[in-house]
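As structure tokens, the structure follows; a few thoughts come after it.
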Amino acid sequence: MRVVCKKRNLFQKIWKKIIIVILGACAAAGLMACYPEMKHSEIFAVPVQQETKEAIQTRLEELLENNPEMQDFVDGYENSDGSVTGGIDEEEKKEDSPLFLQWDERWGYASYGDSCIGISGCAPTCLSMVIFSLTRDETATPDALADYAMRHNYYVQGKGTLWSFLTDAGSKYSVQGTETPLDENTMKAQLDEGHPIIASMRPGDFTTEGHFIVIYGYDEEGFLVHDPNSRLRSEEEWTFQTLYPQIKNLWAYSME
């Protein structure tokens with residue numbers, strides 16, 4: 001009887017180890033599914049904790065040096081409580097493709113990733129512009145898209161918004177996003193079909209790090225863009241020759 005019990009205990013220990021290994025493999029596979037664009041070595045990185053209010057204030061002041069348009073937003077941050085104070089307004093509803101700014105005081109103070117939408121929310125703000133222009137769905141605000149990204153693990157702490165967010169999140173609003181070639185004629189053809197484009201940008205005219213903008217039209221002077229970080233840049237036309245070396249990737253959007 002003692003021999004049987006010892007064998008049984010040994011058998012149970014072996015099975016426990018096997019189960020632990022299996023569960024570990026499943027967890028790793030789950031992370032791979034959540035972060036398909038991350039390298040294997042990045043999957044197990046320790047997440048960065050959300051910045052303190054003081055650190056965010058410092059970061060905003062640094063950004064203000066390169067973007068004076070943010071002055072009112074930066075001035076108001078200290079007294080903000082991080083809440084959303086408004087949605088799409090009546091004037092914006094009249095426009096075919098309105099400009100939303102990530103640092104708009106209506107939603108810019110809300111938490112996103114390890115800071116706030118005003119600092120890190122260019123991707124959800126761009127997707128909000130695209131979805132609203134296609135659907136007129138007033139619930140598709142930048143803060144709503146930022147919340148979706150956080151709840152569905154599309155934001156990687158300390159790194160930013162995953163590209164897969166731009167192709168996946170629109171389905172909630174019956175909007176389909178697909179990668180499109182970096183080619184002037186192809187871009188114009190998409191826009192002619194009424195398909196706005198989101199561009200991931202390299203450092204250059206629009207950013208010193210990484211950024212997203214919306215390309216919503218073109219004329220004889222160049223492409224028309226909505227930069228969620230600048231009204232002034234959104235008022236300019238941009239030639240393909242200027243944009244080409246700065247674009248990492250493009251996604252075109254249409255109704256499903």
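Answer with yes or no whether PRO181 is modelled with pLDDT of 95 or more and not in a loop (DSSP other than H, G, I, E, B). It is false that PRO181 is modelled with pLDDT of 95 or more and not in a loop (DSSP other than H, G, I, E, B).
Considering segment 140-157, and only residues there that are in a loop (DSSP other than H, G, I, E, B) and touching a Gly at 6+ places or on another chain (Cβ under 8 Å), the residue that is surrounded by the fewest Cβ atoms within 10 Å (Cβ to Cβ) turns out to be GLN157. Scanning segment 161-175 for residues that are polar (S, T, N, Q), surrounded by fewer than 22 Cβ atoms within 10 Å (Cβ to Cβ) and in contact with a strand residue (DSSP E or B) (Cβ under 8 Å, 6 or more places away or on another chain) yields THR167, SER174. Does TYR155 fit the bill of being farther than 30 Å from GLU65 by Cβ and touching a helix residue (DSSP H, G or I) at 6+ places or on another chain (Cβ under 6 Å)? In short, no. Within segment 13-33, is there a residue that is under 30 Å from SER254 (Cβ atoms) and modelled with pLDDT under 95? Scanning segment 13-33, I find at least one residue that is under 30 Å from SER254 (Cβ atoms) and modelled with pLDDT under 95, so the answer is yes.
Considering only residues that are of a type in the set (Ser, Thr, Tyr) and in contact (Cβ under 8 Å) with a residue 60 or more places away in the chain, which ones fall in segment 92-127? If the condition is that a residue be of a type in the set (Ser, Thr, Tyr) and in contact (Cβ under 8 Å) with a residue 60 or more places away in the chain, then SER97, SER111, SER115, THR125 are the ones that fit. So, restricting to helices (runs of 4 or more DSSP H) that lie completely within segment 62-124, which ones have at least 1 residues that are of a type in the set (A, V, I, L, M)? Correct list: 71-77, 117-120.
Taking the options MET150, MET201, name whichever one is in contact with a His (Cβ under 8 Å, 6 or more places away or on another chain), touching a residue at least 12 places away in the same chain (Cβ under 8 Å) and not polar (S, T, N, Q).
Answer to the check: MET201.
Restricted to segment 244-256, and to residues there that are hydrophobic (A, V, I, L, M, F, W, C) and over 26 Å from GLY108 (Cβ atoms), the residue that is surrounded by the most Cβ atoms within 10 Å (Cβ to Cβ) is ALA252.
Please verify whether segment 66-78 includes one or more residues that are under 24 Å from TYR253 (Cβ atoms) and among the aliphatic types (A, V, I, L, M).
No, that holds for no residue.
Look at segment 69-91: where a residue is among the β-branched types (Val, Ile, Thr) and a partner is in a loop (DSSP other than H, G, I, E, B), sitting 6+ places away or on another chain with Cβ atoms under 7 Å, you get VAL84/ARG106; VAL84/TRP107; VAL84/ALA110; THR85/GLU105; THR85/ARG106; ILE88/GLU138; ILE88/THR141.
So that you can scan it fast, the table gives a plain yes or no per residue for (1) crowded, with 17+ Cβ neighbours inside 10 Å; (2) modelled with pLDDT under 95:
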{"residue": "ASP72", "(1), (2)": "no, no"}
{"residue": "ASN79", "(1), (2)": "no, yes"}
{"residue": "ASP89", "(1), (2)": "no, no"}
{"residue": "SER97", "(1), (2)": "no, no"}
{"residue": "ASP104", "(1), (2)": "yes, no"}
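Take segment 160-183 and flag every residue that is closer than 23 Å to ILE247 by Cα and without any contact (Cβ under 8 Å) to a residue 60 or more places away in the chain.
Passing the criteria: GLY160, THR161, PHE165, ASP168, ALA169, ASP183.
For GLU138, the criteria (1) under 19 Å from HIS195 (Cβ atoms); (2) in contact (Cβ under 8 Å) with a residue 40 or more places away in the chain; (3) not aromatic (Phe, Trp, Tyr) hold in every case but one, which is (1). More than 25 Å from TRP163 (Cβ to Cβ), at pLDDT 50 or above, surrounded by 10 or more Cβ atoms within 10 Å (Cβ to Cβ) and among the charged types (D, E, K, R): does that describe GLU51? When the stated conditions are applied, GLU51 does not pass them.
Among the residues of segment 194-242, the ones that are assigned to a helix (DSSP H, G or I), within 20 Å of the chain's Cα centre (by Cα) and either surrounded by 15 or more Cβ atoms within 10 Å (Cβ to Cβ) or among the hydrophobic types (A, V, I, L, M, F, W, C) (or both) come to 2 in all.
The values are calculated or read from the model by the stated rules, or taken from the named source; none is laboratory data. Keep in mind it's a predicted model, so treat the numbers as computed, not measured. Note: ideal-geometry Cβ built from the backbone for every residue, glycine included; neighbour counts use all protein chains shown.
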